[in-house]
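Trainee: I am attaching a structure below and will ask some questions about it afterwards.
The values are calculated or read from the model by the stated rules, or taken from the named source; none is laboratory data. Note that the structure is a prediction, hence the values are computed from the model and not measured. Neighbour counts run over all protein chains shown; Cβ positions are idealised from the backbone, glycine included. These accessible areas exclude ligands, DNA and RNA; they are computed on the full protein's heavy atoms, side chains included. Shrake-Rupley method; radii C 1.70, N 1.55, O 1.52, S 1.80 Å.
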Amino acid sequence: MSESAEMFARENGERFVAELKELLRIPSIATDPARVGDVRRAAEFCRSELERIGMRRARLVETSTEEQIVTGVDGVSRVVPLRLGHPLVLAEWMEAGAGAPTVLCYGHYDVQPAEPLDEWLSPPFEPTERNGNLYARGAVDDKGQMWMHVKALESLFAAGEGRLPVNVRVVIEGEEEVGGEGIAAFVRAHGEELQADVALVSDTEMFAPDLPTLCVGLRGMIYTEIEVRGARTDLHSGMYGGAVPNPFVALAQIIARLKDETGRILIPGIYDTVQAPTEAELAAWRALPFDEEEYRETEVGSTELVGEAGYSVLERTWARPTLDVHGMPGGFVGAGAKTVIPARAVAKVSLRLVPDMTPAETFDQLQRYVGEIAPKGVEVEVRLIHAGDPIVVSTDNVYVHAATEAMRVVWGKETVFVRGGGSIPIVGDFVRELGIPTVMMGFGLPDDNLHAPNEKFHLENFHHGIQSILGFLTRVGAARQTEAAERDNGR
Ligand code: BES
Ligand code: MN
Ligand code: MN
(Lines give C-alpha, C1' and ligand atoms only; values in the text may rest on other atoms or scores of the structure.)
(Ligands and ions follow the chains in the order given, each with its own letter.)
Protein backbone atom coordinates (compact mmCIF):
# COMPACT_ATOMS: atom_id res chain seq x y z
CA MET A 1 0.00 0.00 0.00
CA SER A 2 1.36 3.40 -0.89
CA GLU A 3 0.72 6.15 1.61
CA SER A 4 -1.03 9.27 0.47
CA ALA A 5 0.88 12.24 -0.88
CA GLU A 6 -0.55 14.40 1.91
CA MET A 7 0.83 12.05 4.54
CA PHE A 8 4.20 11.75 2.83
CA ALA A 9 4.51 15.56 2.80
CA ARG A 10 3.58 15.77 6.48
CA GLU A 11 6.00 13.05 7.53
CA ASN A 12 8.85 14.53 5.50
CA GLY A 13 8.16 18.18 6.22
CA GLU A 14 11.22 18.68 8.39
CA ARG A 15 13.53 17.25 5.75
CA PHE A 16 11.90 19.52 3.13
CA VAL A 17 12.78 22.54 5.27
CA ALA A 18 16.34 21.29 5.84
CA GLU A 19 16.83 20.98 2.06
CA LEU A 20 15.39 24.43 1.51
CA LYS A 21 17.89 25.84 4.00
CA GLU A 22 20.69 24.29 1.98
CA LEU A 23 19.43 26.02 -1.16
CA LEU A 24 19.05 29.31 0.73
CA ARG A 25 22.70 29.17 1.76
CA ILE A 26 23.68 29.65 -1.89
CA PRO A 27 23.82 33.41 -2.59
CA SER A 28 22.34 33.26 -6.11
CA ILE A 29 22.12 37.01 -6.65
CA ALA A 30 21.41 37.38 -10.35
CA THR A 31 22.53 40.98 -10.67
CA ASP A 32 25.97 40.47 -9.08
CA PRO A 33 28.69 39.43 -11.58
CA ALA A 34 30.77 38.07 -8.69
CA ARG A 35 28.00 35.54 -8.00
CA VAL A 36 27.71 33.79 -11.38
CA GLY A 37 29.20 30.63 -9.87
CA ASP A 38 26.74 30.67 -6.98
CA VAL A 39 23.83 31.28 -9.32
CA ARG A 40 24.85 28.22 -11.33
CA ARG A 41 25.29 26.18 -8.15
CA ALA A 42 21.70 27.00 -7.17
CA ALA A 43 20.51 25.95 -10.63
CA GLU A 44 22.37 22.65 -10.35
CA PHE A 45 20.96 22.10 -6.86
CA CYS A 46 17.42 22.33 -8.29
CA ARG A 47 18.25 20.24 -11.34
CA SER A 48 19.72 17.36 -9.39
CA GLU A 49 16.79 17.31 -6.96
CA LEU A 50 14.27 17.23 -9.82
CA GLU A 51 16.18 14.28 -11.24
CA ARG A 52 16.33 12.53 -7.86
CA ILE A 53 12.57 12.74 -7.23
CA GLY A 54 11.80 11.12 -10.59
CA MET A 55 11.44 13.91 -13.14
CA ARG A 56 12.78 13.11 -16.62
CA ARG A 57 15.23 15.13 -18.73
CA ALA A 58 16.25 17.33 -15.80
CA ARG A 59 18.68 19.73 -17.42
CA LEU A 60 20.22 23.20 -17.46
CA VAL A 61 19.62 25.32 -20.55
CA GLU A 62 21.96 28.21 -21.25
CA THR A 63 20.36 31.55 -21.96
CA SER A 64 23.14 33.66 -23.42
CA THR A 65 21.53 35.35 -26.38
CA GLU A 66 23.85 37.96 -27.81
CA GLU A 67 27.09 36.94 -29.45
CA GLN A 68 30.15 38.80 -30.64
CA ILE A 69 33.18 37.94 -32.74
CA VAL A 70 36.45 38.32 -30.87
CA THR A 71 39.86 38.08 -32.52
CA GLY A 72 42.46 36.68 -30.13
CA VAL A 73 46.18 37.45 -29.92
CA ASP A 74 46.66 34.33 -32.05
CA GLY A 75 44.82 36.13 -34.85
CA VAL A 76 41.95 33.63 -34.77
CA SER A 77 38.39 34.98 -34.64
CA ARG A 78 35.85 33.22 -32.42
CA VAL A 79 32.16 33.70 -31.73
CA VAL A 80 31.73 34.14 -27.98
CA PRO A 81 28.69 35.04 -25.92
CA LEU A 82 28.58 38.75 -25.14
CA ARG A 83 26.73 38.16 -21.92
CA LEU A 84 26.51 34.77 -20.28
CA GLY A 85 22.97 34.55 -18.97
CA HIS A 86 22.01 32.45 -15.97
CA PRO A 87 20.74 29.00 -16.94
CA LEU A 88 17.15 27.79 -16.96
CA VAL A 89 16.37 24.58 -15.09
CA LEU A 90 14.03 22.34 -17.08
CA ALA A 91 12.50 18.95 -16.34
CA GLU A 92 9.41 17.00 -17.31
CA TRP A 93 7.34 13.93 -16.61
CA MET A 94 5.01 13.23 -19.52
CA GLU A 95 3.84 9.69 -18.86
CA ALA A 96 0.40 10.30 -17.37
CA GLY A 97 -1.24 8.79 -20.44
CA ALA A 98 -3.45 9.86 -23.32
CA GLY A 99 -5.80 12.72 -22.55
CA ALA A 100 -4.02 13.66 -19.35
CA PRO A 101 -3.43 17.40 -19.02
CA THR A 102 -0.02 18.97 -18.62
CA VAL A 103 0.84 21.47 -15.90
CA LEU A 104 3.79 23.83 -16.33
CA CYS A 105 5.32 24.64 -12.93
CA TYR A 106 7.23 27.93 -12.88
CA GLY A 107 9.52 29.44 -10.27
CA HIS A 108 12.81 31.34 -9.99
CA TYR A 109 15.97 30.41 -8.09
CA ASP A 110 17.66 33.80 -8.32
CA VAL A 111 17.32 36.29 -5.47
CA GLN A 112 17.61 40.00 -4.83
CA PRO A 113 20.79 41.48 -3.33
CA ALA A 114 20.75 41.38 0.48
CA GLU A 115 21.85 44.98 1.20
CA PRO A 116 21.61 46.75 3.62
CA LEU A 117 23.39 43.91 5.44
CA ASP A 118 23.54 45.48 8.91
CA GLU A 119 19.74 45.53 9.16
CA TRP A 120 19.44 41.74 9.10
CA LEU A 121 18.88 40.16 12.52
CA SER A 122 20.49 36.96 11.21
CA PRO A 123 22.77 36.85 8.15
CA PRO A 124 20.83 36.72 4.85
CA PHE A 125 22.48 33.53 3.62
CA GLU A 126 22.41 31.70 6.96
CA PRO A 127 18.77 30.60 7.05
CA THR A 128 17.48 30.89 10.60
CA GLU A 129 14.18 29.86 12.21
CA ARG A 130 12.49 32.31 14.59
CA ASN A 131 8.84 32.29 15.73
CA GLY A 132 7.72 29.82 13.10
CA ASN A 133 9.37 31.76 10.29
CA LEU A 134 12.39 30.94 8.18
CA TYR A 135 14.54 34.04 7.65
CA ALA A 136 16.86 34.28 4.62
CA ARG A 137 17.19 36.15 1.35
CA GLY A 138 15.00 34.21 -1.11
CA ALA A 139 13.05 32.43 1.65
CA VAL A 140 9.73 33.39 0.08
CA ASP A 141 10.88 35.10 -3.17
CA ASP A 142 11.12 32.62 -4.65
CA LYS A 143 13.26 29.70 -3.49
CA GLY A 144 10.87 28.65 -0.73
CA GLN A 145 7.84 28.87 -2.99
CA MET A 146 9.56 27.10 -5.88
CA TRP A 147 10.65 24.38 -3.44
CA MET A 148 6.98 23.79 -2.55
CA HIS A 149 6.44 22.73 -6.17
CA VAL A 150 9.39 20.34 -6.08
CA LYS A 151 8.28 18.85 -2.76
CA ALA A 152 4.64 18.51 -3.87
CA LEU A 153 5.92 16.61 -6.91
CA GLU A 154 8.15 14.43 -4.73
CA SER A 155 5.17 13.60 -2.49
CA LEU A 156 3.00 12.72 -5.48
CA PHE A 157 5.75 10.51 -6.94
CA ALA A 158 6.08 8.74 -3.59
CA ALA A 159 2.33 8.17 -3.28
CA GLY A 160 1.97 7.13 -6.93
CA GLU A 161 4.89 4.73 -6.80
CA GLY A 162 6.85 6.67 -9.36
CA ARG A 163 3.90 8.15 -11.23
CA LEU A 164 2.21 11.57 -11.15
CA PRO A 165 -1.53 12.20 -11.60
CA VAL A 166 -0.79 14.68 -14.43
CA ASN A 167 1.91 15.43 -16.95
CA VAL A 168 4.26 18.01 -15.53
CA ARG A 169 6.87 20.29 -17.01
CA VAL A 170 9.05 22.39 -14.74
CA VAL A 171 10.83 25.60 -15.67
CA ILE A 172 12.84 27.51 -13.08
CA GLU A 173 14.61 30.67 -14.18
CA GLY A 174 17.64 32.44 -12.78
CA GLU A 175 17.09 35.99 -14.03
CA GLU A 176 13.62 36.93 -12.82
CA GLU A 177 14.91 39.58 -10.43
CA VAL A 178 16.91 41.30 -13.16
CA GLY A 179 14.22 41.23 -15.83
CA GLY A 180 16.33 38.80 -17.86
CA GLU A 181 15.12 38.02 -21.36
CA GLY A 182 16.58 34.51 -21.34
CA ILE A 183 13.35 32.72 -20.49
CA ALA A 184 11.28 34.80 -22.90
CA ALA A 185 13.72 34.00 -25.70
CA PHE A 186 13.45 30.31 -24.82
CA VAL A 187 9.64 30.44 -24.82
CA ARG A 188 9.69 32.07 -28.26
CA ALA A 189 12.28 29.70 -29.75
CA HIS A 190 11.33 26.42 -28.02
CA GLY A 191 7.72 26.93 -27.00
CA GLU A 192 6.97 23.26 -27.70
CA GLU A 193 9.26 22.24 -24.82
CA LEU A 194 7.02 24.15 -22.43
CA GLN A 195 3.68 23.38 -24.07
CA ALA A 196 1.08 22.71 -21.38
CA ASP A 197 -2.59 23.20 -20.58
CA VAL A 198 -2.02 25.48 -17.63
CA ALA A 199 0.88 27.20 -15.87
CA LEU A 200 1.20 27.13 -12.09
CA VAL A 201 3.13 30.05 -10.58
CA SER A 202 3.89 30.33 -6.86
CA ASP A 203 5.61 33.71 -6.59
CA THR A 204 2.88 35.93 -5.14
CA GLU A 205 1.29 36.58 -1.75
CA MET A 206 -1.75 35.70 0.27
CA PHE A 207 -3.86 38.75 1.00
CA ALA A 208 -3.84 38.06 4.74
CA PRO A 209 -2.68 35.22 7.00
CA ASP A 210 -4.93 32.16 6.65
CA LEU A 211 -6.73 33.65 3.66
CA PRO A 212 -6.20 31.46 0.57
CA THR A 213 -5.53 33.78 -2.34
CA LEU A 214 -5.20 33.58 -6.08
CA CYS A 215 -3.44 36.45 -7.79
CA VAL A 216 -5.20 37.24 -11.06
CA GLY A 217 -3.30 40.26 -12.27
CA LEU A 218 0.23 41.68 -12.24
CA ARG A 219 1.55 45.06 -13.19
CA GLY A 220 4.05 45.30 -16.01
CA MET A 221 7.03 47.60 -15.97
CA ILE A 222 9.71 49.53 -17.76
CA TYR A 223 12.95 50.01 -15.86
CA THR A 224 15.06 52.85 -17.18
CA GLU A 225 18.11 54.97 -16.52
CA ILE A 226 18.01 58.69 -17.15
CA GLU A 227 21.49 60.07 -17.68
CA VAL A 228 22.26 63.78 -17.67
CA ARG A 229 25.61 65.10 -18.89
CA GLY A 230 26.98 68.62 -18.37
CA ALA A 231 30.64 69.60 -18.58
CA ARG A 232 33.33 67.49 -20.26
CA THR A 233 34.77 66.50 -16.91
CA ASP A 234 34.17 66.95 -13.16
CA LEU A 235 34.84 70.54 -12.08
CA HIS A 236 35.87 72.36 -8.89
CA SER A 237 32.58 73.75 -7.58
CA GLY A 238 34.18 76.93 -6.31
CA MET A 239 36.07 77.76 -9.48
CA TYR A 240 33.13 76.97 -11.77
CA GLY A 241 30.00 77.03 -9.63
CA GLY A 242 27.51 79.60 -10.89
CA ALA A 243 28.59 79.46 -14.50
CA VAL A 244 28.24 75.80 -15.49
CA PRO A 245 25.34 73.32 -15.52
CA ASN A 246 25.05 70.85 -12.64
CA PRO A 247 23.71 67.48 -13.90
CA PHE A 248 22.30 66.53 -10.48
CA VAL A 249 20.28 69.72 -10.23
CA ALA A 250 19.08 69.24 -13.82
CA LEU A 251 18.15 65.64 -13.05
CA ALA A 252 16.27 66.70 -9.92
CA GLN A 253 14.36 69.25 -11.99
CA ILE A 254 13.46 66.57 -14.52
CA ILE A 255 12.36 64.11 -11.83
CA ALA A 256 10.29 66.76 -10.12
CA ARG A 257 8.26 67.16 -13.30
CA LEU A 258 7.51 63.46 -13.79
CA LYS A 259 4.81 63.36 -11.10
CA ASP A 260 2.76 66.04 -9.35
CA GLU A 261 2.12 66.35 -5.59
CA THR A 262 -1.00 64.19 -5.83
CA GLY A 263 0.93 61.30 -7.39
CA ARG A 264 -0.40 61.83 -10.88
CA ILE A 265 2.15 61.03 -13.59
CA LEU A 266 2.71 64.06 -15.82
CA ILE A 267 3.95 62.22 -18.92
CA PRO A 268 1.53 63.13 -21.73
CA GLY A 269 -0.63 60.23 -22.92
CA ILE A 270 0.39 57.91 -20.10
CA TYR A 271 -3.19 57.22 -18.97
CA ASP A 272 -4.68 56.92 -22.47
CA THR A 273 -4.91 53.13 -22.57
CA VAL A 274 -5.43 52.43 -18.85
CA GLN A 275 -8.42 50.12 -18.34
CA ALA A 276 -10.49 50.52 -15.20
CA PRO A 277 -11.20 47.32 -13.25
CA THR A 278 -14.76 46.03 -13.62
CA GLU A 279 -17.41 47.03 -11.09
CA ALA A 280 -17.48 43.42 -9.87
CA GLU A 281 -13.74 43.44 -9.31
CA LEU A 282 -13.87 46.75 -7.44
CA ALA A 283 -16.71 45.46 -5.27
CA ALA A 284 -14.70 42.34 -4.46
CA TRP A 285 -11.70 44.49 -3.50
CA ARG A 286 -13.86 46.62 -1.21
CA ALA A 287 -14.98 43.44 0.58
CA LEU A 288 -11.39 42.37 1.34
CA PRO A 289 -10.21 42.69 4.95
CA PHE A 290 -8.09 45.80 4.46
CA ASP A 291 -7.69 48.88 6.60
CA GLU A 292 -5.66 51.68 5.01
CA GLU A 293 -4.77 53.20 8.36
CA GLU A 294 -3.48 49.91 9.73
CA TYR A 295 -1.56 49.31 6.49
CA ARG A 296 0.08 52.74 6.86
CA GLU A 297 0.93 52.18 10.48
CA THR A 298 2.08 48.55 10.67
CA GLU A 299 3.08 47.53 7.15
CA VAL A 300 4.48 50.79 5.76
CA GLY A 301 5.43 52.78 8.86
CA SER A 302 5.18 56.24 7.29
CA THR A 303 3.30 59.29 8.57
CA GLU A 304 1.10 59.52 5.47
CA LEU A 305 0.14 57.50 2.44
CA VAL A 306 0.45 59.20 -0.92
CA GLY A 307 -1.04 58.67 -4.33
CA GLU A 308 -3.78 59.60 -6.70
CA ALA A 309 -6.86 61.08 -5.11
CA GLY A 310 -10.09 59.18 -5.69
CA TYR A 311 -8.46 55.75 -5.70
CA SER A 312 -8.13 53.33 -2.81
CA VAL A 313 -4.70 51.96 -1.86
CA LEU A 314 -5.57 48.64 -3.51
CA GLU A 315 -6.58 50.40 -6.73
CA ARG A 316 -3.43 52.54 -6.66
CA THR A 317 -1.13 49.55 -6.25
CA TRP A 318 -2.99 47.04 -8.44
CA ALA A 319 -4.81 48.92 -11.17
CA ARG A 320 -3.04 52.26 -11.68
CA PRO A 321 0.33 52.93 -13.29
CA THR A 322 2.99 54.52 -11.13
CA LEU A 323 6.49 55.91 -11.35
CA ASP A 324 9.34 55.53 -8.88
CA VAL A 325 12.96 56.55 -8.49
CA HIS A 326 15.23 53.82 -7.13
CA GLY A 327 18.59 55.48 -6.85
CA MET A 328 20.82 58.20 -8.25
CA PRO A 329 24.34 56.89 -8.75
CA GLY A 330 27.13 59.33 -9.51
CA GLY A 331 28.69 62.41 -7.98
CA PHE A 332 30.27 62.27 -4.57
CA VAL A 333 28.71 59.87 -2.04
CA GLY A 334 31.75 59.07 0.10
CA ALA A 335 32.24 60.07 3.74
CA GLY A 336 32.68 63.77 4.45
CA ALA A 337 32.66 66.48 1.82
CA LYS A 338 34.04 66.95 -1.66
CA THR A 339 33.41 70.16 -3.56
CA VAL A 340 32.77 68.95 -7.07
CA ILE A 341 30.35 69.57 -9.90
CA PRO A 342 30.00 66.09 -11.40
CA ALA A 343 30.09 65.81 -15.16
CA ARG A 344 27.22 63.34 -15.18
CA ALA A 345 24.32 62.13 -13.08
CA VAL A 346 22.07 59.09 -13.41
CA ALA A 347 18.67 58.22 -11.99
CA LYS A 348 17.19 54.74 -12.06
CA VAL A 349 13.50 55.27 -12.79
CA SER A 350 10.79 52.69 -13.34
CA LEU A 351 7.14 52.77 -14.26
CA ARG A 352 4.65 50.05 -13.32
CA LEU A 353 2.12 49.42 -16.07
CA VAL A 354 -1.45 48.16 -16.05
CA PRO A 355 -3.60 46.79 -18.89
CA ASP A 356 -3.67 47.90 -21.71
CA MET A 357 -0.44 49.89 -21.47
CA THR A 358 2.52 48.56 -23.44
CA PRO A 359 6.19 48.86 -22.47
CA ALA A 360 7.18 50.12 -25.93
CA GLU A 361 4.64 52.95 -26.05
CA THR A 362 5.30 53.91 -22.42
CA PHE A 363 9.05 54.09 -22.96
CA ASP A 364 8.46 56.22 -26.03
CA GLN A 365 6.26 58.63 -24.07
CA LEU A 366 8.80 58.89 -21.24
CA GLN A 367 11.70 59.46 -23.60
CA ARG A 368 9.89 62.15 -25.56
CA TYR A 369 8.71 63.97 -22.44
CA VAL A 370 12.12 63.91 -20.72
CA GLY A 371 13.63 65.34 -23.91
CA GLU A 372 11.10 68.17 -23.81
CA ILE A 373 11.56 69.13 -20.15
CA ALA A 374 15.36 68.82 -19.99
CA PRO A 375 16.87 72.11 -18.77
CA LYS A 376 19.23 74.08 -21.00
CA GLY A 377 22.91 73.20 -21.05
CA VAL A 378 22.69 69.45 -20.40
CA GLU A 379 22.39 66.43 -22.61
CA VAL A 380 19.85 63.80 -21.57
CA GLU A 381 19.63 60.15 -22.49
CA VAL A 382 16.91 57.70 -21.42
CA ARG A 383 17.92 54.04 -21.59
CA LEU A 384 15.65 51.02 -21.25
CA ILE A 385 17.10 48.37 -18.92
CA HIS A 386 14.25 45.87 -19.02
CA ALA A 387 10.53 45.67 -19.65
CA GLY A 388 7.55 43.41 -19.05
CA ASP A 389 3.86 43.46 -19.97
CA PRO A 390 1.01 43.88 -17.50
CA ILE A 391 -1.39 40.97 -17.30
CA VAL A 392 -4.84 40.04 -16.03
CA VAL A 393 -5.66 36.33 -16.15
CA SER A 394 -9.00 34.59 -16.48
CA THR A 395 -10.72 33.36 -13.32
CA ASP A 396 -13.26 31.26 -15.13
CA ASN A 397 -11.67 27.92 -16.01
CA VAL A 398 -11.37 24.42 -14.54
CA TYR A 399 -7.86 25.12 -13.30
CA VAL A 400 -8.92 28.03 -11.13
CA HIS A 401 -11.70 25.83 -9.75
CA ALA A 402 -9.20 23.03 -9.03
CA ALA A 403 -7.03 25.56 -7.18
CA THR A 404 -9.83 27.01 -5.06
CA GLU A 405 -11.10 23.52 -4.17
CA ALA A 406 -7.62 22.36 -3.19
CA MET A 407 -7.14 25.43 -1.01
CA ARG A 408 -10.60 25.09 0.58
CA VAL A 409 -9.59 21.66 1.88
CA VAL A 410 -6.24 22.88 3.23
CA TRP A 411 -7.24 26.26 4.70
CA GLY A 412 -10.95 25.67 5.36
CA LYS A 413 -11.82 28.95 3.65
CA GLU A 414 -13.00 30.31 0.32
CA THR A 415 -10.30 31.79 -1.89
CA VAL A 416 -10.10 35.52 -2.52
CA PHE A 417 -9.01 36.89 -5.89
CA VAL A 418 -6.57 39.77 -5.82
CA ARG A 419 -4.11 41.42 -8.12
CA GLY A 420 -0.45 42.05 -7.33
CA GLY A 421 1.36 45.32 -7.75
CA GLY A 422 4.61 43.54 -8.62
CA SER A 423 5.70 42.04 -11.91
CA ILE A 424 6.60 38.56 -13.15
CA PRO A 425 7.38 39.31 -16.78
CA ILE A 426 7.18 35.73 -18.08
CA VAL A 427 3.53 35.27 -17.05
CA GLY A 428 2.51 37.50 -19.93
CA ASP A 429 4.47 35.27 -22.31
CA PHE A 430 2.81 32.13 -20.95
CA VAL A 431 -0.56 33.63 -21.79
CA ARG A 432 0.39 35.26 -25.09
CA GLU A 433 3.12 32.96 -26.52
CA LEU A 434 1.97 29.59 -25.16
CA GLY A 435 -1.71 30.53 -25.13
CA ILE A 436 -2.33 28.89 -21.76
CA PRO A 437 -4.10 30.09 -18.62
CA THR A 438 -1.99 30.75 -15.55
CA VAL A 439 -2.87 30.00 -11.94
CA MET A 440 -0.92 32.22 -9.55
CA MET A 441 -1.17 30.43 -6.22
CA GLY A 442 1.27 32.10 -3.85
CA PHE A 443 1.82 31.71 -0.12
CA GLY A 444 3.85 34.74 0.90
CA LEU A 445 2.49 37.08 3.56
CA PRO A 446 2.23 40.88 3.38
CA ASP A 447 4.96 41.27 6.05
CA ASP A 448 7.44 38.82 4.51
CA ASN A 449 9.89 41.63 3.63
CA LEU A 450 10.36 40.78 -0.04
CA HIS A 451 13.46 42.53 -1.46
CA ALA A 452 14.11 44.00 2.02
CA PRO A 453 16.18 43.04 5.07
CA ASN A 454 14.82 40.11 7.13
CA GLU A 455 12.94 38.41 4.31
CA LYS A 456 11.09 35.42 5.70
CA PHE A 457 8.72 32.58 4.83
CA HIS A 458 6.09 31.57 7.38
CA LEU A 459 6.81 27.84 7.70
CA GLU A 460 3.17 26.90 8.17
CA ASN A 461 2.53 28.48 4.77
CA PHE A 462 5.35 26.42 3.28
CA HIS A 463 3.71 23.20 4.50
CA HIS A 464 0.13 24.27 3.71
CA GLY A 465 1.37 25.46 0.34
CA ILE A 466 2.76 22.01 -0.48
CA GLN A 467 -0.59 20.46 0.48
CA SER A 468 -2.44 23.00 -1.68
CA ILE A 469 -0.19 22.41 -4.68
CA LEU A 470 -0.37 18.62 -4.54
CA GLY A 471 -4.14 18.92 -4.11
CA PHE A 472 -4.26 21.17 -7.17
CA LEU A 473 -2.19 18.78 -9.31
CA THR A 474 -4.29 15.81 -8.21
CA ARG A 475 -7.53 17.62 -9.04
CA VAL A 476 -6.30 18.77 -12.44
CA GLY A 477 -5.46 15.13 -13.21
CA ALA A 478 -8.79 13.84 -11.94
CA ALA A 479 -10.83 16.49 -13.74
CA ARG A 480 -9.53 15.57 -17.15
CA GLN A 481 -9.83 11.83 -16.50
CA THR A 482 -13.49 12.34 -15.66
CA GLU A 483 -13.97 14.35 -18.83
CA ALA A 484 -12.23 11.65 -20.87
CA ALA A 485 -14.27 8.89 -19.23
CA GLU A 486 -17.48 10.76 -19.95
CA ARG A 487 -16.43 11.17 -23.56
CA ASP A 488 -15.59 7.46 -23.79
CA ASN A 489 -19.02 6.58 -22.40
CA GLY A 490 -20.51 8.51 -25.30
CA ARG A 491 -21.97 11.17 -23.06
N1 BES B 1 7.69 37.71 -6.84
C2 BES B 1 7.94 39.04 -7.27
C3 BES B 1 6.73 39.70 -7.89
C4 BES B 1 5.52 39.85 -7.01
C5 BES B 1 5.61 40.11 -5.66
C6 BES B 1 4.27 39.74 -7.58
C7 BES B 1 4.48 40.24 -4.89
C8 BES B 1 3.15 39.87 -6.81
C9 BES B 1 3.24 40.13 -5.47
C10 BES B 1 9.07 39.03 -8.28
O11 BES B 1 10.15 38.24 -7.88
C12 BES B 1 9.62 40.42 -8.45
O13 BES B 1 10.09 40.97 -7.50
N14 BES B 1 9.60 40.91 -9.66
C15 BES B 1 10.24 42.13 -10.01
C16 BES B 1 10.27 42.10 -11.50
C17 BES B 1 11.28 42.89 -12.18
C18 BES B 1 12.62 42.96 -11.61
C19 BES B 1 11.28 42.62 -13.66
C20 BES B 1 9.44 43.31 -9.52
O21 BES B 1 8.21 43.26 -9.44
O22 BES B 1 10.07 44.32 -9.20
MN1 MN C 1 9.57 36.42 -7.21
MN1 MN D 1 11.32 39.48 -6.39
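Trainee: Hey, if we sort R480, R368 by accessible area with the 1.4 Å probe, largest down, what's the order?
Mentor: R368, R480
Trainee: Hey, any idea what Rg/Rh is for segment 347-470, computing Rh the Kirkwood way over Cα pairs?
Mentor: 1.10
Trainee: Here's a follow-up. Within the accessible area of the chain, what % is carbon and sulfur when the probe is 1.4 Å and the other protein chains stay in place?
Mentor: The C+S portion of the solvent-accessible surface of the chain is 51 percent.
Trainee: For the pair S394/A243, report the inter-label distance in nm, with labels modelled 7 Å from Cα in the Cβ direction.
Mentor: Distance between label points: 6.9 nm.
Trainee: What is the dipole size for segment 143-225, taken about its Cα centre, with +1 at each Lys and Arg Cβ and -1 at each Asp and Glu Cβ, in debye to the nearest 20?
Mentor: Its charge dipole is roughly 260 debye.
Trainee: Classify segment 1-158 as rounded, prolate or oblate, taking a ≥ b ≥ c as the square roots of the eigenvalues of its Cα gyration tensor: rounded when a/c is under 1.5, otherwise prolate if a/b is larger than b/c and oblate if not.
Mentor: Verdict is oblate for segment 1-158.
Trainee: What does the highest-first list of 192-199, 171-178, 281-288 look like by mean Cβ count within 10 Å?
Mentor: 171-178, 192-199, 281-288
Trainee: A further question follows. Length gain on complete extension for the stretch R432 to T278, per 0.36 nm per residue less the alpha carbon to alpha carbon distance?
Mentor: Gain on stretching R432 to T278: 53.3 nm.
Trainee: If amide H atoms are built 1.01 Å from N in the plane of the peptide, which residues on other chains or at least 5 residues away come under 5 Å of the amide H of T438?
Mentor: Distant-sequence amide H within range of T438: A199, S394.
Trainee: Between A185 and I69, what FRET efficiency comes out of the Förster formula 1/(1 + (r/R0)^6) with R0 = 22 Å and r the beta carbon distance, rounded to 0.05?
Mentor: Between I69 and A185 the formula returns 0.60.
Trainee: I'd like to know which of A347, V244, F457 lies farthest towards the positive end of the charge dipole of the chain, counting +1 on Cβ of Lys and Arg and -1 on Cβ of Asp and Glu.
Mentor: Checking the options against the dipole of the chain, the answer is V244.
Trainee: Additional query: Give, rounded to the nearest 20 debye, the magnitude of the charge dipole that segment 227-295 has about its Cα centre when Lys and Arg contribute +1 at Cβ and Asp and Glu contribute -1 at Cβ.
Mentor: 660 debye
Trainee: Around A276, what is the net charge, scoring Lys/Arg as +1 and Asp/Glu as -1 over all other residues with Cβ under 14 Å from its Cβ?
Mentor: The answer is -3.
Trainee: Another one. In what order, largest first, do H463, H149 sit by accessible area if the probe radius is 1.4 Å?
Mentor: Result, largest first: H463, H149.
Trainee: Based on the mean of other Cβ atoms within 10 Å per residue, sort peptides 471-479, 130-138 so the most packed one is first.
Mentor: My ranking of the peptides, most packed first, is 471-479, 130-138.
Trainee: Can you find, among Y295, Q367, L282, the residue sitting farthest towards the positive end of the charge dipole of segment 246-371, where Lys and Arg contribute +1 and Asp and Glu -1 at Cβ?
Mentor: Towards the positive end, the residue furthest out is Q367.
Trainee: Oh, and also: What distance in nm separates the simple spin-label points at A34 and L117, each placed 7 Å from Cα in the Cβ direction?
Mentor: 0.8 nm
Trainee: Classify the chain as rounded, prolate or oblate, taking a ≥ b ≥ c as the square roots of the eigenvalues of its Cα gyration tensor: rounded when a/c is under 1.5, otherwise prolate if a/b is larger than b/c and oblate if not.
Mentor: Because a/c hits 1.5 or more and a/b exceeds b/c, the chain counts as prolate.
Trainee: Also, quick follow-up: Mind checking the dipole of the chain: about its Cα centre, +1 per Lys or Arg Cβ, -1 per Asp or Glu Cβ, Debye to the nearest 20?
Mentor: Rounded to the nearest 20 debye, it is 840 debye.
Trainee: Pull out the extension gain between A452 and E414, defined as 0.36 nm times the separation in residues minus the alpha carbon to alpha carbon distance; nm, one decimal.
Mentor: Using 0.36 nm per residue and subtracting the Cα-Cα distance, I get 10.6 nm.
Trainee: Using 31 Å as the Cα-Cα cut-off, could you pick out the over-long pairs in K143/K413; K151/K348; K338/K376?
Mentor: Table pairs above 31 Å Cα-Cα are K151/K348.
Trainee: Give me the net charge for the shell around P446: Cβ to Cβ below 10 angstrom, other residues only, Lys and Arg +1, Asp and Glu -1.
Mentor: After counting each charged neighbour, the total is -4.
Trainee: Now a separate question. Please report how far the C-alpha centroid of segment 342-381 lies from that of segment 96-110, rounded to the nearest whole angstrom.
Mentor: For segment 342-381 versus segment 96-110, the Cα centre distance is 39 Å.
Trainee: Please give the peptides 398-407, 320-329 ranked by average Cβ packing (other Cβ atoms within 10 Å per residue), highest first, as a rough proxy for protection.
Mentor: Top to bottom by mean Cβ count within 10 Å: 398-407, 320-329.
Trainee: Quick check: from the Cα gyration tensor, does segment 165-262 come out rounded (a/c under 1.5), prolate or oblate?
Mentor: prolate
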